[in-house]
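First the structure, in the form of structure tokens, and then the observations on it.
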Amino acid sequence: MTGKRIVILGGGFAGATLAANLQKSIPAGCTVTIVSKENHITYSPLLAEVVGASILPGHVVAPLRQIAGRATLCMVRVSDIDLQARKIHYLGEGPGTIEYDELVLACGVGANLALVPGMARYALPLKTVGDALFLRNRILSRLEQATLQPNVRLRRWLTTFAVLGGGFSGVEVAGEISDFLRSSLRYYPTLDPEDCKVCLVHSGDRLLPELPEGLGDFALRKMTRSGLDIRLNARAERIDARSIELNSGQRIAAGTVICTIGTAPNPLIESLPVDKIRGRVATNPDMSVPGVPGLWALGDCAHIENDWSGLPAPPTAQFATREAKQLAHNLCAAIRGEETQPFRFRPLGALATIGHNKAVAEVFGIRLSGFVAWLLWRGVYLLRVPTLARKLRLFLEWNWGMLFPADIAHLGFSRTRRRS
């Protein structure tokens, strides 16, 4: 049967990759529409490098219209989903509706800032390009403020940065901030490098629990030698304007707290009358949603069992890409009345940078660390960045950064006020 209207709710990596793959095999007469509040995708694994001024913000985003080919893009905010009538209600310049035959939920997750008392008010999340730019500006503001502060204790507070979470995001942003400080301090001769401190707080007993223990230990040793203060088996109990209180009763005085822990379901997902597992939409093995004809889910918002391992697929770009390819096949098969296939994928590996041109990696069962792993990390992510133009720009920017110090310009976004 042809003429189906396929709507993808969410323009993240999963949704954009799905739209691109549907173009290759979609039956004649079918249409694909992406509904997203942004007109670009953000390549989240590189956000830490934006914080550390290793790359420009434009290098981690790509226009959806450029990636999704012939798919229609609706840049609006969805207000409601009517599963019975198969309609999406949105707010743009005015209210409107989009009808669908097949709906794919790919709207991701948000930051859970209610995880620790005080986190929502005093901690800075790292989920978007805006978050990364704000954090970069905060670091530079703190350095500038510290140069004017005669009180040693307050100066150290201004130049202390605490990162919550020892997973991929936490380790990478802590390493980037440490490198950024080391590179920038040549321009701040009145600041003592010993006063500039990056503290990483992790509730587990080792860093990077997603990787083998040996690689986590390597990351701990190298980051500690680089001057980072790593606190393992430490959980934040409360955050206030001056410090973090740990479960041990200790306090870490920090002028900036960065949060990389905790996720919250998209409010649209929470409101849907479908089964959920830990806030994620429960799916059948082929990524269709049980009991709701024409509804599918993938990416971070979906709980998908990997047929290869029998375990839930983790919320990573690697899995989102593979899920999108499989779901494109299943959607086309369902439209033609053919049998769909369960999601099955053997992960290729995982990589994480730890600062100062070092990384840890496990690829095809081979464990690597140090400079070689760092080169591999850059090569892998360079290949995954969408569009050839951005690959070239990113390659040049990375090489430029190896030769010259980081950019310390504070990028303000204030507008010129109009006179009435």
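The values are calculated or read from the model by the stated rules, or taken from the named source; none is laboratory data. Predicted model only: the values in this text are computed from it and were never measured. Virtual Cβ from ideal backbone geometry, glycine too; neighbours counted across all protein chains shown.
For region 294-325, name all the residues that are touching an Asp or Glu at 6+ places or on another chain (Cβ under 9 Å) and touching a residue at least 40 places away in the same chain (Cβ under 8 Å). Passing the criteria: 294, 295, 296, 298, 299, 302, 314, 315, 320.
Scanning region 163-193 for residues that are assigned to a loop (DSSP other than H, G, I, E, B) and among the small types (Gly, Ala, Ser), we see that the one that is surrounded by the fewest Cβ atoms within 10 Å (Cβ to Cβ) is 167. Filter region 30-59 down to residues that are modelled with pLDDT under 90 and part of a helix (DSSP H, G or I) and give me whichever is nearest to the chain's Cα centre (by Cα). Among residues in region 30-59 that are modelled with pLDDT under 90 and part of a helix (DSSP H, G or I), the one nearest to the chain's Cα centre (by Cα) is 44. Condition first: closer than 16 Å to residue 112 by Cα, assigned by TED's automatic domain parsing to the domain that holds residue 84 and among the β-branched types (Val, Ile, Thr). Can you find one or more residues in region 234-255 that meet it? Looking for residues that are closer than 16 Å to residue 112 by Cα, assigned by TED's automatic domain parsing to the domain that holds residue 84 and among the β-branched types (Val, Ile, Thr), one finds none in region 234-255, hence no. Here residue 413 fulfils each of the conditions (1) within 27 Å of residue 64 (Cα to Cα); (2) aromatic (Phe, Trp, Tyr); (3) surrounded by 15 or more Cβ atoms within 10 Å (Cβ to Cβ) apart from (3). Kindly establish whether residue 293 is within 21 Å of the chain's Cα centre (by Cα) and outside any strand (DSSP E or B). Considered against the rule, which asks whether it is within 21 Å of the chain's Cα centre (by Cα) and outside any strand (DSSP E or B), residue 293 comes out as no.
For every residue, the table says whether it meets (1) surrounded by 15 or more Cβ atoms within 10 Å (Cβ to Cβ); (2) in contact (Cβ under 8 Å) with a residue 40 or more places away in the chain.
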{"site": "208", "(1), (2)": "yes, yes"}
{"site": "213", "(1), (2)": "no, no"}
{"site": "216", "(1), (2)": "yes, yes"}
{"site": "222", "(1), (2)": "yes, yes"}
{"site": "231", "(1), (2)": "yes, no"}
{"site": "236", "(1), (2)": "yes, yes"}
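Only a single criterion out of (1) part of a loop (DSSP other than H, G, I, E, B); (2) modelled with pLDDT of 90 or more; (3) over 19 Å from residue 107 (Cβ atoms); (4) of a type outside the set (Ser, Thr, Tyr) is not satisfied by residue 93, namely (2). Being closer than 29 Å to residue 217 by Cβ, touching a Ser or Thr at 6+ places or on another chain (Cβ under 9 Å) and among the small types (Gly, Ala, Ser) is the requirement here; does residue 203 meet it? No, not satisfied. Checked against the criterion of being out of contact with any strand residue (DSSP E or B) (no Cβ under 9 Å at 6 or more places or on another chain), within 30 Å of residue 243 (Cα to Cα) and not assigned by TED's automatic domain parsing to the domain that holds residue 314, the candidates 140, 56, 126, 135 yield just one match: 140. Scanning region 74-87 for residues that are surrounded by 18 or more Cβ atoms within 10 Å (Cβ to Cβ) and within 26 Å of the chain's Cα centre (by Cα) yields 74, 76, 78, 81.
When residue 362 is tested against (1) modelled with pLDDT of 95 or more; (2) crowded, with 19+ Cβ neighbours inside 10 Å; (3) of a type outside the set (Lys, Arg), exactly one condition is not met: (1).
The residue that is surrounded by the fewest Cβ atoms within 10 Å (Cβ to Cβ), counting only those in region 1-29 that are outside any helix (DSSP H, G or I) and aliphatic (A, V, I, L, M), is 28.
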